[in-house]
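Beneath this line is the structure, given in C-alpha cells, with notes to follow.
The values are calculated or read from the model by the stated rules, or taken from the named source; none is laboratory data. As the structure is a prediction and not an experimental result, all values here were calculated from the model. Here Cβ is always computed from backbone atoms with ideal geometry, including for glycine, and neighbour counts include all displayed protein chains.
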Amino acid sequence: MLKFISIKNIFKVLASIAVITMAIYTALDIVENKRNIMSFEDYEPVSTLNVEGDQVYSAKFPFIDVHSHQWDMPLKDLNKLAKEMDDLNMGYLINLSGSGFGPQSAKDLYFNQSMKNIKENQPERFGLFVNVDFESIDDVNYGETQANIIKDAVAKGAIGLKIYKSLGLRNKDSSGNRIAVDDPRLDPIWDICGKLGVPVLIHSADPFQFWLKKDNKNERWFELKEKPNRYYAESSFIPPFQEIIQEQHNIFKKHPKTTFINAHLGWMANDLEKLGKHLDEYPNVMTEFGAVIAELGRQPKTARQFFIDYQDRILFGKDLYKKEEYYTYFRVLESDDEYFDYFRKRHAFWKMYGLNLPDSVLKKIYYENALKLFPKISKNLFK
C-alpha cells in the first residue's frame, strides 16, 4: 500500500510540475507579445522597397558546376538529374565526393559504381573526383599507395582530386596527432596530380568567424547557434584558423606544377583585395565561390571589379546541390537588382545586390575557365 501511494504521489508531483511549466511558458508568451519581443529566428520582415528585379531561374549561358556533392551517385537517377540541370542551363556537374567515405574497399566500390552509372546513362554530363585516405598516413609505402589509387581512378575517368576539410581539422595519425595539411608524407599525393594534369580542389579550415568569440559581435553567431559543433575556438586539438590556412598555402608554394582549386574563395570573400594578392602570389591556384555567394552579394561594386580583374582564375561552384538555390547565384552574377534575399539565414542575415557582370566575364566564370582545366568535358555542350 505504501509503495502504491508513493508511486501515486510521484505521478501527482510530476503532473504538478508539468502544469506549472506550461503556466510559466504561457506567461512568458503573454509577456513577449505584450512587450513585442521576438527571437532573431522568428523575425522575417517583408520588404516594402519598390524596385525593379526578379528571380533568375536559368543561367544566361550554359555553365559547369565544379563543386557539387551527390552522395547517392552509384544509384542516382542521372537522367532525372540531367533534366533538372537542363532547366538551370547547367551543362556539366562535377561530383567531388566520387569515392564517398569509409575504408578503401568501400571507396573503391563507391567510385567504380558511380563511374559505371555515369558511363551507362549520362557520360557527357557528369564528372567525378576521387578521394583518398589520410589516417593511414603511418602505413608503410603510404604515399606510393595513395598515388596509385589516384592513378587508377584517373585511368578509369576521374578528372580531379577532392580534399575534404577534415584534413587539418580532424584527421589523426596512428598516435592521435593532428595531420597537418602540409605534412611532407602527403607530398606524393600532390605530386602525382601535377604529373597527371588533374587539379586538386581543396577545402581547408572553415570561416574564420568559427574561431572568434561567440558573442553579439560575431557575424556567424546564428550559424554557431544552429550548428554548435562548428565552433573551434575552445578546441584543444584544432589549431587557430590562420595556422591551418598557412599549411594550405605552404603546399601551393611547394608544388607549383600542381593546379589547386582553393574552395570557397579560400575564406577570403570578405577581403577580396587579400584574395587578389593570394592569386597573384600563387599562379597555380584557381578558386570558386561555392557557399560564399552571400559575401559577394553584399559588396557588388568591389566584387564586380574583382571578377573582372581575376576573370581567368574563377570557377562556378555551388557546393550543396539544391535546384532552387542556384537562382540566387544567377541573380547575383547576372543582374543589377537591388536588395533581394539570400536563401539561408545562418549564412547571411543581410540582403543581396547583383554584380551585373559583362557577358565576356560570365562566359569565363560559367564554362570557359573550366573547359581549359578539364579538357575531357565536351565542348559541344557549350556552343
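When the range 70-89 is filtered for residues that are buried (at least 16 other Cβ atoms within 10 Å of the Cβ) and under 19 Å from Asn117 (Cα atoms), the ones remaining, listed by number, are Gln70, Met73, Pro74, Lys76, Leu78, Leu81, Ala82, Met85. May I ask you to list the residues in the range 339-367 that are farther than 21 Å from Gln55 by Cβ and buried (at least 18 other Cβ atoms within 10 Å of the Cβ)? Result: Val361, Lys363, Lys364, Tyr367. Taking Leu186 as the residue in question, decide whether it is within 21 Å of the chain's Cα centre (by Cα) and among the hydrophobic types (A, V, I, L, M, F, W, C). Here the answer is no, as Leu186 does not meet what is asked. Cβ separations smaller than 6 Å between residues 6+ apart or across chains give the following pairs from the range 55-73 residues that are over 29 Å from Tyr164 (Cα atoms) to residues that are part of a loop (DSSP other than H, G, I, E, B): Ser58/Asn89. Residues that are in a strand (DSSP E or B), within 24 Å of the chain's Cα centre (by Cα), surrounded by fewer than 15 Cβ atoms within 10 Å (Cβ to Cβ) and not β-branched (Val, Ile, Thr) do not occur anywhere in the range 118-141.
Here Asn50 meets the list (1) touching a strand residue (DSSP E or B) at 6+ places or on another chain (Cβ under 9 Å); (2) under 17 Å from Asp336 (Cα atoms) almost entirely, failing just condition (1). Only residues that are assigned to a helix (DSSP H, G or I), of a type in the set (A, V, I, L, M, F, W, C) and surrounded by fewer than 21 Cβ atoms within 10 Å (Cβ to Cβ) were counted in the range 368-383, giving 4. Just for the range 38-53: of the residues that are surrounded by 10 or more Cβ atoms within 10 Å (Cβ to Cβ) and not hydrophobic (A, V, I, L, M, F, W, C), which one is modelled with the highest pLDDT? This residue is Gly53. Right, Tyr327: of a type outside the set (A, V, I, L, M, F, W, C), crowded, with 20+ Cβ neighbours inside 10 Å and either farther than 28 Å from Leu49 by Cα or in the same structural domain as Asp87 (by TED's automatic domain parsing) (or both) or not? So Tyr327 does not fit the description; no.
Take the conditions over 27 Å from Gly197 (Cα atoms), in contact with a Pro (Cβ under 9 Å, 6 or more places away or on another chain) and of a type in the set (D, E, K, R) and apply them to Asp336. Does it pass? Criteria met by Asp336. You will find that of Ile163, Ile150, the residue that is crowded, with 18+ Cβ neighbours inside 10 Å, over 20 Å from the mean Cα position of the chain (by Cα) and either within 23 Å of Asn262 (Cα to Cα) or at pLDDT 95 or above (or both) is Ile150 and no other. Mind checking which residues of the range 95-137 are of a type in the set (Asp, Glu) and under 24 Å from Leu371 (Cβ atoms)? Of everything in the range 95-137, just one residue is of a type in the set (Asp, Glu) and under 24 Å from Leu371 (Cβ atoms), namely Glu124.
Could you please let me know if Asp319 is under 27 Å from Gly194 (Cα atoms) and either modelled with pLDDT under 95 or within 20 Å of the chain's Cα centre (by Cα) (or both)? Yes; evaluated as a whole, the condition is true for this residue. Just one residue in the set Pro300, Pro358 is within 18 Å of Trp267 (Cα to Cα), in contact (Cβ under 8 Å) with a residue 40 or more places away in the chain and not polar (S, T, N, Q); that residue is Pro300. Of the residues making up the range 124-179, those that are under 23 Å from Gln70 (Cα atoms), in contact (Cβ under 8 Å) with a residue 12 or more places away in the chain and of a type in the set (Asp, Glu) number 2. Is it the case that the range 90-99 has a residue that's farther than 25 Å from Thr287 by Cα, assigned by TED's automatic domain parsing to the domain that holds Lys322 and buried (at least 18 other Cβ atoms within 10 Å of the Cβ)? No - not one qualifying residue is present in the range 90-99.
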